[in-house]
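This report concerns only the one structure given below.
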Amino acid sequence: MLEFAFIRPKTLSDALKELERHHGEWKVLAGGTDLLPSVRQRWGEDPVFRGVVDITGLKELRGVWVQDDVIAVGSLTTFSDIMGLPQGIPELDILARMSSEMGSVQIRNRATVGGNLVNASACADSVPPLLALDAFVELASVEGTRALPLEEFISAPGETKIKPPEVLTRIYFPRCKLRAEWSYMKMGRRNSGARSRMTIAVLRLATERDGWQSRIAIGAVTPTAMRLRSAEHLLDTAGWNSDTICRCAGNSRAEVEAVTGARWSSAYKLPVIENVMRRVLGSVIRREVSSNRVVTI
Amino acid sequence: MKDLDLRMRVNGKDVEVLTSPNARLIDVLREELGLTSVKEGCGVGECGACTVLMDGEAVNACLVLAGQVEGASIETAESLEQGDVLDPLQLAFIEAGSVQCGYCTPGMLMSSVALLRKKKDPTRDEIRMALAGNLCRCTGYVQIVEAVVRAVQTEKGPGGQKGSKQARSDPRDLLQA
């Protein structure tokens with residue numbers, strides 16, 4: 001088993017100082033659901049880190065704060081925490097729905113939103129809904145804090161703009177001023193404990209002029225999850241009706257293909273993207289919250 | 001080097017353990033405390049065989065580093081029986097034929113305990129969701145779900161309710177049936 005040191009600081013400021021001290025050689029540990037399996041897979045290889053700084057003792061980083069125009073999610077908030085939030089706030093409802101289909105009970109009780117973002121798997125479940133919410137991430141170090149749009153934060157599969165010894169402390173996003181509706185779908189090989197093969201998060205926010213501001217994010221089918229802005233624009237200008245939805249679905253497929261290029265899996269994946277997108281967009285206008293199950297393929 | 005000094009509560013007792021910084025909770029429970037109900041099935045948090053309760057929440061003990069448990073309360077399947085008396089949940093597992101090789105069983109029990117503490121009368125769907133992180137290669141799961149339903153239906157109540165009166169039941173009686 002890989003050998004490493006372990007410390008568990010009591011305050012964020014202590015954690016930042018320790019990370020600064022061991023710059024580049026020590027890892028941040030939160031829920032451990034990504035870090036520990038990766039340690040196991042390296043059994044016998046050269047150590048990749050000399051120590052871990054366990055930040056799970058930093059209670060101030062765990063929680064969800066709802067204000068009139070912004071919601072902040074502490075980076076140590078677990079997926080179970082999110083599922084336990086009161087229902088009725090659309091921005092949190094979509095996050096709760098995503099959380100309920102991620103991993104398993106045991107994983108959700110430990111895995112943190114911050115960890116999911118910093119690990120930045122191409123199929124990270126929390127990314128599409130947070131992209132649809134126009135989320136920002138806050139990063140802290142001994143030198144201070146800075147914020148980045150989530151869309152810029154994740155730069156490639158497994159890579160983010162975090163500069164060790166920074167710690168991701170909070171994720172925040174503006175609240176919808178008027179009515180908001182959402183839908184979410186995850187496709188995977190099993191009902192539970194499944195790596196996402198595709199996730200779609202859709203939000204539409206009522207505008208003052210009786211229109212909608214549409215947000216569509218797709219995950220796991222491109223190197224990093226992305227917003228489908230061309231499809232969004234089409235819905236915003238031509239309106240949410242079945243004809244536009246069909247065109248959007250075709251649009252989504254084209255937007256994804258523009259990023260990935262033709263791949264061996266495209267003959268299967270692209271029609272699936274189009275069909276599922278049509279289904280998810282349709283579920284918004286039919287106001288159906290589809291059953292709490294991963295769509296298995 | 002064993003230089004990590006840990007204090008935690010395990011199955012209702014305060015314990016102090018000296019272990020190494022890279023030890024996992026499963027290592028501490030099995031090696032230092034002899035609680036071998038906690039099984040390592042995969043070591044990467046996918047099978048749930050090592051499920052224990054940490055501050056009442058079901059977690060994979062293979063994904064928790066020992067140092068993260070400082071001050072926490074851990075419960076394993078060993079806590080379910082009271083002396084010679086099995087918990088109604090354990091009896092239900094036996095009676096429903098939910099135990100074949102037995103490797104997944106402690107994890108299944110602890111996930112069930114976690115569920116029943118939150119929901120006294122779960123539906124079969126809710127039971128399946130709660131056990132979705134526990135894999136079984138033997139039974140096909142039906143008997144396990146039925147065992148939880150059966151435990152819910154007994155008037156003695158599910159695991160975790162200490163002090164409830166239980167009729168003594170020797171599992172060997174069932175084998176002769």
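The values are calculated or read from the model by the stated rules, or taken from the named source; none is laboratory data. Predicted model, so just to flag it, every value in this text is computed and none were measured. All Cβ positions, even for glycine, are placed from backbone atoms using ideal geometry, and neighbour counts span all protein chains on display. Accessible surface is based on the protein model in full, side chains and every heavy atom, while ligands, DNA and RNA are left aside. Shrake-Rupley method; radii C 1.70, N 1.55, O 1.52, S 1.80 Å.
With each run of n ≥ 4 DSSP H residues scored as -39500 (n - 2.57), what mean residue ellipticity at 222 nm is computed for chain B after dividing by its residue count and rounding to the nearest 500 deg cm²/dmol?
Numbers: 5 runs with 46 residues, N = 177.
It lands at -7500 deg cm²/dmol.
Using the heavy atoms of the protein chains and a 1.4 angstrom probe, tell me the accessible area per residue for chain B in square angstrom. Let's see the in-between values first.
Values: 8410 Å² over 177 residues.
In whole numbers, chain B has 48 Å² accessible per residue.
Mind pulling up the Rg/Rh value for region A:1-117? Radius of gyration and Kirkwood radius, both on Cα. Walk me through the intermediate numbers first.
Working: Rg = 16.0 Å, Rh = 15.5 Å.
A ratio of 1.03.
Considering only protein heavy atoms and a probe of 1.4 Å, how much of the accessible area of chain A is carbon and sulfur, as a whole percent? Provide the component values of the computation, followed by the final result.
On the way: 6610 of 13500 Å².
Here carbon and sulfur together make up 49 percent of the probe-accessible area.
May I ask you to find the residues of region B:97-135 that are shielded by at least 50 Å² of accessible area once the whole protein assembly is considered instead of their isolated chain (probe 1.4 Å)?
Relative to the lone chain, where solvent access is computed with a 1.4 Å probe, region B:97-135 loses at least 50 Å² at B:Met129.
Taking a ≥ b ≥ c as the square roots of the eigenvalues of the Cα gyration tensor of the protein assembly as shown, is the shape rounded (a/c under 1.5), prolate (a/b larger than b/c) or oblate?
Values: a/c = 2.02, a/b = 1.37, b/c = 1.48.
Verdict is oblate for the protein assembly as shown.
Under 19 Å between alpha carbons, and skipping anything fewer than 8 positions from A:Lys59 in its own chain: which aspartates and glutamates qualify?
A:Asp14, A:Glu18, A:Asp81, A:Glu138, A:Glu166, B:Asp55, B:Glu57, B:Glu70
Springs between alpha-carbon atoms under 10 Å, Gaussian network over chain A: tell me which of A:Asp68, A:Asp54, A:Asp134 tops the mean-square fluctuations.
A:Asp68
Average partner chain C-beta neighbours within 10 Å, per residue of A:27-39? Can you show the working numbers first?
Details: counts 0, 0, 3, 1, 5, 10, 6, 2, 2, 9, 7, 1, 5.
Mean number of neighbouring Cβ atoms from other chains: 4.
Counting only helical runs of four or more DSSP H residues, what would the 222 nm mean residue ellipticity of chain A come to if each run contributes -39,500 (n - 2.57) and the total is spread over all its residues? If you can, show how the numbers build up before the last one.
Values: 11 runs with 103 residues, N = 297.
It comes out at -10000 deg cm²/dmol, rounded to the nearest 500.
Tell me the per residue accessible area of region A:148-240 using a 1.4 Å probe; a whole number in Å² is fine. Before the final figure, lay out each step's value.
Values: 4160 Å² over 93 residues.
Here the residues of region A:148-240 average 45 Å² of exposed surface.
Please tell me which of these pairs span more than 23 angstrom C-alpha to C-alpha: B:Lys13/B:Lys39; A:Lys177/B:Lys118; A:Lys186/B:Lys39; A:Lys186/B:Lys118; A:Lys17/A:Lys161? Walk me through the intermediate numbers first.
Values: B:Lys13/B:Lys39 21 Å; A:Lys177/B:Lys118 35 Å; A:Lys186/B:Lys39 31 Å; A:Lys186/B:Lys118 26 Å; A:Lys17/A:Lys161 20 Å.
Pairs exceeding 23 Å: A:Lys177/B:Lys118; A:Lys186/B:Lys39; A:Lys186/B:Lys118.
Go through region A:216-226 residue by residue and turn each phi into a ³J(HN,Hα) via Karplus (6.51, -1.76, 1.60, θ = phi - 60°); whole Hz please, and just put x for glycine and proline.
Using θ = phi - 60°, the values come out as 10, 10, 10, x, 6, 10, 10, x, 10, 4, 9 Hz.
Averaged across B:17-23, how many Cβ atoms of other chains sit within 10 Å of each residue's Cβ atom? Please report the intermediate quantities before stating the final value.
On the way: counts 0, 0, 0, 5, 7, 9, 2.
Taking all residues of B:17-23 together, the mean is 3.
For region A:5-44 and region A:67-86, what is the separation of their Cα centres, given in Å?
Region A:5-44 and region A:67-86 have Cα centres spaced 23 Å from each other.
Give the separation of the Cα centroids, region A:144-163 to region B:1-48, in Å.
35 Å
Lys and Arg at +1, Asp and Glu at -1: add these up for the other residues within a Cβ distance under 15 Å of B:Cys62 and post the number.
On the way: positive: A:Arg40, A:Arg110, B:Arg24, B:Arg30, B:Lys39; negative: A:Asp34, B:Asp27, B:Glu31, B:Glu40, B:Glu46.
Taking every Cβ under 15 Å from that of B:Cys62, the sum is 0.
Does any residue of region B:44-66 lose at least 40 Å² of accessible area with all protein chains in place compared with its chain alone, and if so which ones (probe 1.4 Å)?
Residues meeting the cut-off: B:Val44, B:Ala58, B:Leu63, B:Leu65.
Once neighbouring chains are kept in place and the probe is 1.4 Å, which whole percent of the accessible area of chain B is contributed by carbon and sulfur? Walk me through the numbers before you get to the answer.
Working: 4110 of 8410 Å².
On chain B, the fraction of accessible area on carbon and sulfur atoms equals 49 percent.
With just the Cα atoms defining each centre, how far is region A:192-261 from region B:85-127? Give it in Å.
If you average the Cα positions of each part, the centres end up 42 Å apart.
With solvent modelled as a 1.4 Å probe, how much accessible area in total do chains B and A shield from it at their shared surface, in Å² to the nearest 100?
Numbers: alone 9500 and 14610 Å², together 21910 Å².
Buried area (both sides, nearest 100 Å²): 2200 Å².
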